[in-house]
4 protein chains.
Amino acid sequence: MSKIAFIGLGHMGLPMARNLLKAGHELKVYDLVQEAIDELAAEGAKAARDARDAVAGMQVVITMLPASKHVEGLLLGEGGLLESITTGSLVLECSTIAPDSARKVHAAAKARGIEMLDAPVSGGTAGAAAGTLTFMVGGDAAALEKARPLFAAMGKNIFHAGPDGAGQVAKVCNNQLLAVQMIGTAESMALGVANGLDPTTLAEIMRQSSGGNWVLERYNPWPGVMLNAPASKDYDGGFMAELMAKDLGLAQETAQHSLSSTPMGALALQLYRLLLKQGKGKKDFSVVQKLFTE
Amino acid sequence: MSKIAFIGLGHMGLPMARNLLKAGHELKVYDLVQEAIDELAAEGAKAARDARDAVAGMQVVITMLPASKHVEGLLLGEGGLLESITTGSLVLECSTIAPDSARKVHAAAKARGIEMLDAPVSGGTAGAAAGTLTFMVGGDAAALEKARPLFAAMGKNIFHAGPDGAGQVAKVCNNQLLAVQMIGTAESMALGVANGLDPTTLAEIMRQSSGGNWVLERYNPWPGVMLNAPASKDYDGGFMAELMAKDLGLAQETAQHSLSSTPMGALALQLYRLLLKQGKGKKDFSVVQKLFTE
Amino acid sequence: MSKIAFIGLGHMGLPMARNLLKAGHELKVYDLVQEAIDELAAEGAKAARDARDAVAGMQVVITMLPASKHVEGLLLGEGGLLESITTGSLVLECSTIAPDSARKVHAAAKARGIEMLDAPVSGGTAGAAAGTLTFMVGGDAAALEKARPLFAAMGKNIFHAGPDGAGQVAKVCNNQLLAVQMIGTAESMALGVANGLDPTTLAEIMRQSSGGNWVLERYNPWPGVMLNAPASKDYDGGFMAELMAKDLGLAQETAQHSLSSTPMGALALQLYRLLLKQGKGKKDFSVVQKLFTE
Amino acid sequence: MSKIAFIGLGHMGLPMARNLLKAGHELKVYDLVQEAIDELAAEGAKAARDARDAVAGMQVVITMLPASKHVEGLLLGEGGLLESITTGSLVLECSTIAPDSARKVHAAAKARGIEMLDAPVSGGTAGAAAGTLTFMVGGDAAALEKARPLFAAMGKNIFHAGPDGAGQVAKVCNNQLLAVQMIGTAESMALGVANGLDPTTLAEIMRQSSGGNWVLERYNPWPGVMLNAPASKDYDGGFMAELMAKDLGLAQETAQHSLSSTPMGALALQLYRLLLKQGKGKKDFSVVQKLFTE
């Protein structure tokens, strides 16, 4: 069993930390929101006074924060948390951030003799609660083997994407593709229905044909086609459109870095921003269907 | 066993007709290319002198032609083939054409007491040869039941998409989505590789994650990821980019009809036209990968 | 002075016919709406009972109709109006229609010994009323010289675009570009204002710089920048978004014909269709600004 | 006459500095490339040993560098050049950089009692040589009045865009619009020519109509339409495609900051990146015409 500092107890971090607790690990937890700390303390975690207190004497540090600036702000620079983490420890940085930011943290950790993995997740809050997240991991393969039991307590699929930063690159590539096929699916659904097709019939034909994709398997954006999908619950729950916009923004930042051309990914970002303008940012990202129907 | 007239013996029609022959049906065949007629005649089909000769006395007529204008030109108008087809016959119009064209043919057939189904296929020349095509069928459900054994001799999945023209609508919706996710996949592959990922690793991560789709399962556009995919054979074989451009054009024609907004589908068409300009129209449609890598 | 049949007295046709009357020509007019006929009859035109009655004995026939199907329906086929027009007459077909439709009418007119020009206009209802329209003319240069005084009574700029159909091609090229720079201008206005710039200042800087265009000169889409622009009148008046969507649809039809790639033009069409979905089709086309601000 | 330090003597900076010399100002110049320093020294400038040497005792400092990172790297942080600039001096930062970077430099300058203007230019190397640049200036209006004679020695149009950073915002808005209308113009030219129009005729019709823009006035992308445009010189000279891609990247960075939706601007960037992939980055940005013609 490991001694783990867990920093960042939001919608994703809290259930992830809980799954580690359930697996028998010793956790010391910290968040800016005291209620989140208290909730886990009531379930057996130790409450930290601050981030520095959380990491003191720990072998493993897990961070789950909103964006690049929070990760860099917490870990890097003079007085940054890396200075307080014990040499030889393992940092699992699970936030979704820019690959460049991840690489900066890798370099700073290495300079202090700390092992680090960038390990963004997919699967949403439901996957975090159920312990079925996917981890896309960048960094040293041996470090991944050490961390595997911890990832396994929180998730189901654990991929070694490649060297430092590769986890983040894999995540933005995957989520860009997800956004493109969500919009593509929504367009074809709207086109077919506008031309007389029954939405459930069309969805089933495409699912079994060369148009098949994860969206059609699990997450159809047309209300009523899948009763458990957010589309059938007024687009509540699931993965918020504003988070998809954030990930598509990271994809464009990554594309800028390599001067890659991604016309579909770029257009997807612009369409999600139209949705945000319309006040639909807190709805599930399948709400993009509404762009084409109302 | 049925007596079938089969008109249109191109890359798709010829192997489809052959599978009907093998299943024991009596065929009379016609094409503008005499060699195609001769080839099937050598295998047991009767050779027709012209389209009118082909349909004389037949119960079933199957047509497999390049585009709307050929179908309308053959069947409709004064002296059109519908005038020569026996009342009570069944026409299976398997070409991929505009839904509006299909509906015109439906109406004309009905006016002459002929049953008709629009039944475009997907699965390509390989599916046509193997008898594993998908049929997306529009028209009367009872007529579909009569035709089912014939479809089953040529294909595997047979979907009733809805009323007259619905087969064509389903086909353009599916192929538009296919094009969008082919390009989306190609973009994410290029983005990941340009940022240091191994293509096979990235492909596998996305395939198992929320980016999963038919392209990643069967048809990866990055050379070497799937040895049997056209991408690994210099993009030869498969489904030609110019045919995908044709289908995307039909999707835009359909969208014009319903004033549907399909930004991803429209962009996909423009990108395929760029490929055609570059002389890549005869390559498999996964050649769109090259837009982003060279 | 000419004897002119004028068919199609809508928002554009009526003021165009009135300007011909004012210039002293003899007009016989027809429209499906009796009030329009009566209005011009009160000003000195002769009222026709139907289209055939309008053209009887006339030297010049001007048509101004909504779309390709109306023009083809009126003029072509058995019983079409071309059969009733005197050989040697001149037809000025001023509707905005597909270049292919225009070429069909040219061919049919030629076959009957009738001269024809395709002569779509730009300038909107204001230009029609003021007699300042632009005519883009396709067809024989000598025929254009004959027609020039008539065009001059209705418009200011008269361009000979080229052979049969070239007027329509020039019109769709121009209007596609107009839509692209309207949207481009709206995007840059919204981007600048969202980042702290004063809209009038930004508009003036771009107008005088390399971003300068007709939209910035005459038709700024940001409310309040130009007091006479539709944007400052709740986007009322001007050129309706649904008409721009029609013209962009013609551009795509033309591009399909030549397999031209027009990514910006295609995207412009999709964005206008989003506006139509939002119920803004009757507003001036500069209403596209609202996509980016609300 | 002012004592001016000029740092950054590239394709733009060198002719700008030369114009200041000609206007009678005293210049001390620095660049990483010794030849550039020598060239101006031969014309009367003082040669600086390094950037610090250049600014010592000067009242005005002008910087003209490639990108945000160079500007921040030179001026900011411990040991940054701002520490060596005399309090009360005026810094004219003429590089094209991210608005956010410009605001950082403004804040740091203010903290040291140094006046600063962000003043990116447009007009290209030809405008720099001729002294006809456009300056888009952000910052204090009084500081702009002090700097006006210097701007006037280098340029013709001097705009006060607004507060700190506003010059950069105006520049990215303008250049995004320029790129959109360059591509839009190229699309319409290719569409028209593919449908039978003469390029010069079409260009002239659109120039005088509602499609009119700066590109059609000065910079037609179709070879042969304007003999002095880069298009008629194999796209040599002018404003390089890779610089347009840089500016469009800054526009997207700015849009990310405000979550603005800019579908046309985003697509323009992706199309320029396709050109860069094709090895056309060093050609004039009107080379985008070739995407649609070859």
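The values are calculated or read from the model by the stated rules, or taken from the named source; none is laboratory data. Just so you know, these numbers come straight off a predicted model, no measurement behind them. Virtual Cβ from ideal backbone geometry, glycine too; neighbours counted across all protein chains shown. Ligands, DNA and RNA are stripped out before the accessible areas are found, and what is left, the full protein with its side chains, is counted by its heavy atoms. Shrake-Rupley method; radii C 1.70, N 1.55, O 1.52, S 1.80 Å.
At a glance:
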read-out	value
Residue under evaluation residue B:238, criteria (1) at positive phi; (2) open to solvent by less than 30 Å² (accessible area, probe 1.4 Å); (3) within 12 Å of chain A (Cβ to nearest Cβ), criterion not met	(2)
Subset of the stretch D:278-294 that is within 7 Å of another protein chain (Cβ to nearest Cβ) and modelled with pLDDT of 95 or more - its residue that is surrounded by the fewest Cβ atoms within 10 Å (Cβ to Cβ)	D:291
Set D:84, D:89, D:95: member being touching a helix residue (DSSP H, G or I) at 6+ places or on another chain (Cβ under 9 Å), of a type in the set (Gly, Ala, Ser) and open to solvent by 10 Å² or more (accessible area, probe 1.4 Å)	D:84
So residue A:204, is it open to solvent by 30 Å² or more (accessible area, probe 1.4 Å), within 14 Å of chain B (Cβ to nearest Cβ) and in a loop (DSSP other than H, G, I, E, B)	no
Matching option when the condition is of a type in the set (A, V, I, L, M), open to solvent by less than 30 Å² (accessible area, probe 1.4 Å) and outside the structural domain of residue C:130 (by TED's automatic domain parsing), among C:190, C:143	C:190
Given (1) facing chain B (nearest Cβ under 10 Å); (2) open to solvent by 10 Å² or more (accessible area, probe 1.4 Å), index of the condition residue A:176 fails	(2)
Number of positions in the stretch C:31-48 that are crowded, with 21+ Cβ neighbours inside 10 Å and in contact with a strand residue (DSSP E or B) (Cβ under 6 Å, 6 or more places away or on another chain)	4
Among the candidates D:184, D:212, D:196, D:192, residue that is in contact with a Cys (Cβ under 7 Å, 6 or more places away or on another chain), farther than 18 Å from residue C:197 by Cα and at the interface with another protein chain (Cβ under 7 Å from one of its Cβ atoms)	D:192
Single condition residue B:249 does not satisfy, out of (1) in contact (Cβ under 8 Å) with a residue 12 or more places away in the chain; (2) open to solvent by less than 10 Å² (accessible area, probe 1.4 Å); (3) facing chain A (nearest Cβ under 9 Å)	(3)
When residues of the stretch A:49-72 are limited to those that are in a helix (DSSP H, G or I) and farther than 14 Å from residue A:106 by Cα, the one most open to solvent (accessible area, probe 1.4 Å)	A:69
From the options C:230, C:221, residue that is open to solvent by 10 Å² or more (accessible area, probe 1.4 Å), in contact (Cβ under 8 Å) with a residue 40 or more places away in the chain and either within 11 Å of another protein chain (Cβ to nearest Cβ) or more than 25 Å from residue D:120 (Cα to Cα) (or both)	C:230
Failed item, numbered, when residue D:119 is tested on (1) in contact (Cβ under 8 Å) with a residue 40 or more places away in the chain; (2) under 23 Å from residue D:162 (Cα atoms); (3) out of contact with any helix residue (DSSP H, G or I) (no Cβ under 7 Å at 6 or more places or on another chain)	(3)
Hits in the stretch A:204-218 - residues which are under 27 Å from the mean Cα position of the chain (by Cα) and modelled with pLDDT of 95 or more	A:207, A:211, A:212, A:213, A:214, A:215, A:216, A:217
Leading residue by the ranking (nearest to residue C:216 (Cα to Cα)) among those in the stretch C:278-294 that are touching a Phe, Trp or Tyr at 6+ places or on another chain (Cβ under 7 Å) and not β-branched (Val, Ile, Thr)	C:286
Among (1) surrounded by 24 or more Cβ atoms within 10 Å (Cβ to Cβ); (2) assigned to a helix (DSSP H, G or I); (3) in contact (Cβ under 8 Å) with a residue 12 or more places away in the chain - the single one residue B:257 does not satisfy	(1)
The stretch A:260-294, subset of a type in the set (D, E, K, R) and in a helix (DSSP H, G or I), residue nearest to the chain's Cα centre (by Cα)	A:273
Cβ-Cβ under 9 Å pairs, at least 6 apart or on other chains, the stretch C:146-160 side closer than 15 Å to residue C:120 by Cβ and away from chain D (no Cβ under 14 Å), far side among the charged types (D, E, K, R) and open to solvent by less than 70 Å² (accessible area, probe 1.4 Å)	C:147/C:115
Subset tally (residues that are out of contact with any Cys (no Cβ under 8 Å at 6 or more places or on another chain) and either among the acidic types (Asp, Glu) or buried (at least 21 other Cβ atoms within 10 Å of the Cβ) (or both)) for the stretch B:128-140	8
Those residues of the stretch B:4-26 which are at pLDDT 95 or above and more than 18 Å from residue B:74 (Cβ to Cβ), in sequence order	B:15, B:18, B:19, B:20, B:21, B:22, B:23, B:24, B:25, B:26
Out of A:118, A:164, sole residue that is in contact with a strand residue (DSSP E or B) (Cβ under 8 Å, 6 or more places away or on another chain), of a type in the set (Asp, Glu), within 14 Å of another protein chain (Cβ to nearest Cβ) and open to solvent by less than 10 Å² (accessible area, probe 1.4 Å)	A:118
Subset of the stretch D:207-218 [part of a helix (DSSP H, G or I) and crowded, with 24+ Cβ neighbours inside 10 Å]	D:215, D:216
